[in-house]
Ligand SMILES: [Zn+2]
Ligand SMILES: [Zn+2]
């Protein structure tokens, strides 16, 4: 009798541990060795009364995951600990919410950026710069990442995604989109000025579009032939395939002349040096990646600016612009289980713009 009661108790739903699929990173290593492993782990549950449980429908594959997974960014303490579930461009459906959630309803589509949470009381959080909070939680640097079936999020750090934007189209807006938007804004864009964009991948292809919305003339610079075609499709004013600094600057001078401003997404000191030399005196060079800055000549009155994702209002602005149809994300869809293969393609520059992982891909 006792045994029967115990069996009944154990099969009761509240005693069963719910599971979810995730691509888990337990040790860093080259992507060729498939460091991400498909695992069945305990499904996330709401931790706080203003948390929501989101069933992930799409997660973009960002180059920063490749750097984190392969150990390139250990010097920056990324990832801060293991294991992690990478992925920080997430869109999904709210399927459960805590009792204090008031901004969203069950069934609505939301997006989550790299900023998963912040302290809300430091000088940055109090002045609309929560993305600079020193105690922020970064999506994908713990088990709260997007290469999985579910994630929880505090409602204050989720952004509503209108149904007219599909989940796979929306996902890249949450890192590539906001990073590009903020970087273009940092150059203080003016109509008809020449803006060089160095690096045309996931972020670069969005930056080209935001720059064109601001009526800049975009010069897209990349080593990669596929990305030259991507930039042309997006109506860049000019495209230059980068081979060496010397030949690039010559080609630039011969075609359109020196740039008014530049944005660098390519993680290379040499490219940053090239960008600084390609900009007219008094221009601004915005850097949206981790990189060293060589050879800065203060006498040329150039400004070098750093940029990192953006705040929650920037995120809302990006979604508003996307809703008007003025920007599009060029995406390739893959099943979640193929995360290693997709990251390898990204490493080999075989992704045209942005790859997106879909859990339960049919
Ligand atoms: Zn990213
Ligand atoms: Zn803070």
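Quick note: the coordinates plus some simple rules give every number you see, no bench work behind them. Owing to the predicted nature of the structure, the values given are computational and were not obtained by experimental measurement. Cβ placement follows ideal geometry from the backbone for every residue including glycine, while neighbour counts extend to all protein chains displayed.
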Considering only DSSP beta bridges with both partners in the chain, what is the antiparallel share in %, to the nearest 5?
-> 55
Between the Cα axis of helix 2-11 and the main Cα principal axis of the chain, the angle (0 to 90°, nearest 10) is 20
For labels at residue 253 and residue 298 in the simple 7 Å Cα→Cβ model, what's the distance in nm?
-> 2.7
Between helix 269-278 and the chain: long-axis angle, C-alpha atoms, 0 to 90°, nearest 10 | 40
Nearest 10, in degrees from 0 to 90: the angle of helix 176-186 to the longest Cα principal axis of the chain is 40
Be a star and scan the stretch 53-73 for residues whose amide nitrogen sits under 18 Å from the point 7 Å along the Cα-to-Cβ vector of residue 166.
-> 56-61
Placing each pseudo-label 7 Å from Cα in the direction of the beta carbon, residue 142 and residue 26 end up separated by a distance in nanometres of 2.1
The chain: spread of alpha-carbon positions along the three principal axes, whole Å, largest first, is 90, 43, 36
Between residue 341 and residue 134, with labels modelled 7 Å along Cα→Cβ, what's the label distance in nm to one decimal, could you check?
-> 4.5
How large is Rg over Rh for the stretch 178-306, taking Rg from the Cα atoms and Rh as the Kirkwood inverse mean of 1/r across Cα pairs?
-> 0.91
Quick one: Debye curve from the C-alpha atoms of the stretch 242-362, no solvent, what's log10 I(q)/I(0) at q = 0.18, 0.21 Å⁻¹?
-> -1.12, -1.19
Using the count of nearby Cβ atoms within 10 Å as a rough guide to exposure, how do 20, 144 rank from fewest to most?
-> 20, 144
Residues listed by number, the stretch 134-173, amide nitrogen under 13 Å from residue 46 label point at 7 Å toward C-beta = 152-155
Calculate, for residue 99 and residue 74, the FRET efficiency according to 1/(1 + (r/R0)^6) with r their C-beta to C-beta distance and R0 45 Å; round to the nearest 0.05.
-> 0.65
